[in-house]
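Taken together, the values in this text are just the output of simple stated rules run on the coordinates, not laboratory data. Since this is a predicted model, take the numbers as computed values, not measurements. Positions of Cβ are backbone-derived with ideal geometry, glycine not excepted, and every protein chain shown enters the neighbour counts.
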Amino acid sequence: MEEQRNEGDKPGGGRRQMNFYWIYGIIGVVLLGMLFMNSGGEGKRIQWAELKDHVEAGHVEHILYNGHTAMVTLKPAVRDSLFPPQDGGNSLLQNVYRGPDYQVSVPSAEAYQEELKLWADARMVKYDYEEESDLIPQLFSYVIFFGLMIAVWLFLMRRLGGGGAGGGQIFNIGKSKAQVYDKSKGTNVTFADVAGLDGAKEELQEIVDFLKQPEKYTNLGAKIPKGALLVGPPGTGKTLLAKAVAGEAQVPFFSLSGSDFVEMFVGVGASRVRDLFKQAKEKSPAIIFIDEIDAIGRARGKNISMGSNDERENTLNQLLTEMDGFGTNSGVIILAATNRADILDKALMRAGRFDRQIYADMPDLTERKAIFEVHLRPIKVDASIDIDFLSRQTPGFSGADIANVCNEAALFAARKGRELVTHQDFLDAVDRIIGGLEKRTKIISEDEKKTIAFHEAGHAVVSWLVEHASPLVKVSIVPRGQSLGAAWYLPEERQITTTDQILDEMCAALGGRAAESVVFDKISTGALSDLEKVTKQAYALVTVYGLNERIGNISFYDSRGEQSFTKPYSEDTARIIDEEVSKVIEAAYDRAKTILSNNLEKLTALAESLLKNEVIFKEDVERILGARPFAKPEQPALNPAPSADAPAEEEPA
Ligand code: ATP
C-alpha cells in the first residue's frame, strides 16, 4: 500500500516551493485598489435645471466639464448642509479622496455649453474643461487580464509538473517521483512489527545483512542479489515488509509505486526509470522499492498492431535494461511487490533481475495470533481478551483484516463509551467485517421472517447431519449488511479438499432453499448467494479439479489467463460440462431435501427457536438436534464463514 507522500520528502525537497496563491493575492489587491480609487463616488446625478438653480443660488464652487458630463463640486458650507456627515456622505474615505457632489449630463445642444461658459465668464463658478481619459480603466483591465493569464499558466505548469522531484516544474516531469528514506529519515517500522512471515523475513534479513556487511558474503565469492519480488494476496504485509527493510537497512531506500511511472506523455515513464536508477546509483548501496509493480511489469503484448500499450512497454523495457542490461548497475537492490505475479513479464522474473520470489501467504493460526499481538499493542484491552480464541475465529483473514478487526473493536468500545475494549467488542468486530453491520431496523414482514428462519435452520440442520460439512458456530436471522440471515461455521484449515467434502458442502449450502421447498412448498429469491457459490463450486469440480468421471482428468484452468477469448473445449464437451454441473447440483439439492424431510420436526423446532431468539448458538442447536453424528475431535481453527444470504465469500477457483 502506498504511503502518503509529502512534498518535502522528495529529493531536493529542501528548496522552498513557489506558492502561486500570491497571484490571487495581487489580483485581489488590484481589485481593492480600483474600488478604493473609485470610492470618492461620481456624485449624485441631477438634471440641468437643478444645476442651474444651484449656480444661480451661488452654491457651486467648481464645474469640471469633459465634453458630455459636468462634475459639480459645491461650496463646503453648502455641501455640509446638503450632505450632513451622518448620512455617510462624508466618510473618512471620502475625505481623503473627495469626488464631485453632482454629475450632470450636458445635452449636446450648443446653447448649454455656452451657458456654462457664461457662468464661468461671470465668475459665478470656477470652470475647467478636460477631455476624459480612458487610460486608467484600460490599464486596470490589462493588469487584470495579464494577472489572470499568469495565474492560469502557473497553475497549469504546476499540474503538469505533477510534483516531479525538485520543484514541480514541467521540466521535472521526467524525474523520478520516488520517496527517499535514509539513515537520518528512515521509517520507524522494523521486522519486529511484522508478525509471522518468518521465511520472508529471513530472506529479507539476508539482504539487509548483505548491505550492512558485504564482505561476509563477497569473501566467499557470493554476489549481492539483484532483486526480490514480494508476491502474495492483498493485505498480507508485503508493503509492511518493505517498510521494515527500509527501517532496518541503514542505506538509502527509494520507495515508489508502479503507477508513479505512468504519465500522459510519451517517454516519461522510461525517463523516470532512468532517473530513479541514476539517483540510486549515486547513493549506492541503495534499495529501490516498487509497490504494485504489475502497473508497469505486465507481460508485453505479442500483437504489435494493438500498439496501445507502447508507453508502458517502453517503461518496462527501460526497467529491464536498468536491472540487468549492458551497463549493469551495482549495489542497487530492487524490491517489488505485487498480488499478480502470474501476469508479470517473464523477462522481469528471470534470475539476474528478480533473483528471489518471496511469498507472503495468508497467515495461519499461529501467525494470526502473532499479528493480533502486534496490533493489540496500542489498544487498551480488558482482561477478558482471549487472543487464542480470536485467532481461531479468523481463518482466511489477512494481516490487514486483523488490523481492521482490532481497530473496529476499539471503535465499538468507544461508541459504547467504554474505558477498555472487551472480548465481545472483538467478536462483534469480526462479525461486522464478515457480514457487515447489524441492521435491526430493516423492515421485514412476519412471513419473510419465517422464511428466513426456516432457510437458516435448513442450513444448520443439513450441515449438522452431513459428514463433511463444516461444524456450526451460530445461526442468526438479524439482517447484516446485504444479508438477511447467516449461519456461521468452523471450517477445518485444510490444504486439499476431497470430492465428498465438496459435495457435502454444496449440500449444506443448498439446505436453505431445500428447507423452503420442504416446508412451504415454495422457493424464493433468498438463496441467490447460495446458488452462486454452489454453481461456482460445481463448475470448479467439473472443469478445474478434474473430479468428474465423465469429463475425466482434465483441467481447463489457465493460471496465466491467456485463453480469455476462446474456450479450450468443443461444443460437445461444453454440453457435457453443463449437464454434469446440473446433475451434481440437483443431486446435492435432492439429498438436502431428503435429509430435511426426514428431520422435519427438528427443522421446525430450530426455526421456531430462531424466530424467538434471533440468534442461536451451537449449544442450542445441539439441544434440539442431538449430538452431531460425525463430530470430530476439537478443530484447530474456528471459522465463522457466513452462508445463506450473506455476501458470497470468494471461493478458491
Ligand atoms: P497490497 O498487496 O494490497 O498492497 P500488502 O500485502 O502490501 O497489500 P500491507 O500494506 O503490507 O499489505 O498491509 C496492510 C496492513 O496490514 C499493514 O499496514 C499492517 O497493519 C497489516 N499487516 C499485514 N500483514 C501484517 C503482518 N504480518 N504483521 C503485522 N501487520 C500486518
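Fully extending the segment from Tyr569 to Phe389, taken as 0.36 nm per residue of separation minus the present Cα-Cα distance, adds 60.1 nm. Per-residue extension of 0.36 nm, minus the Cα-Cα distance of Ala109 and Phe630, leaves a gain of 175.9 nm for this segment. Rounded, prolate or oblate for the stretch 378-471? Axes are the square roots of the Cα gyration tensor eigenvalues, ordered a ≥ b ≥ c, and the cut-off for rounded is a/c under 1.5. In terms of gyration-tensor shape, oblate. Cross-link partners of Lys533 among aspartates and glutamates, defined as those whose alpha carbon lies under 12 angstrom from its own and excluding same-chain residues fewer than eight positions apart: Glu505, Asp645, Glu649, Glu650, Glu651.
Per the Kirkwood formula on distinct C-alpha pairs, the Rh of the stretch 446-650 is how many angstrom?
On the way: mean 1/r = 0.0568 Å⁻¹.
Answer for the stretch 446-650: a Kirkwood hydrodynamic radius of 17.6 Å.
Protection proxy ranking, highest mean first, for peptides 202-212, 458-468: 458-468, 202-212, where packing is the per-residue count of other beta-carbon atoms within 10 Å, averaged. Distance from the Cα centroid of the stretch 351-366 to that of the stretch 432-472 is 38 Å (rounded to whole angstrom).
In terms of surrounding Cβ atoms within a 10 Å radius of their Cβ, Val104, Val143 rank from fewest to most as Val143, Val104. Summary of packing: across the peptides 586-592, 234-240, the per-residue average of other C-beta atoms within 10 Å ranks them, highest first, as 234-240, 586-592.
Please arrange Tyr24, Tyr539 by how many other C-beta atoms lie within 10 Å of their C-beta, fewest to most. Show your work: numbers first, answer last.
Working: Tyr24 12, Tyr539 18.
In order of increasing Cβ crowding within 10 Å: Tyr24, Tyr539.
When each of Ile63, Ile477, Ile576 is scored by the number of other beta-carbon atoms lying within 10 Å, the sequence from fewest to most is Ile576, Ile63, Ile477. Dividing the Cα radius of gyration of the stretch 525-626 by its Kirkwood radius returns 1.15 for Rg/Rh.
With a/c under 1.5 counting as rounded, go ahead and sort the stretch 422-518 into rounded, prolate or oblate using the C-alpha gyration tensor (a ≥ b ≥ c being the square roots of the eigenvalues; past the cut-off, prolate if a/b is larger than b/c, else oblate).
Verdict is oblate for the stretch 422-518.
For the stretch 416-424, backbone phi angles converted through the Karplus equation (6.51, -1.76, 1.60; θ = phi - 60°) give residue-by-residue couplings of 8, x, 8, 7, 10, 8, 9, 4, 4 Hz, Gly and Pro being listed as x.
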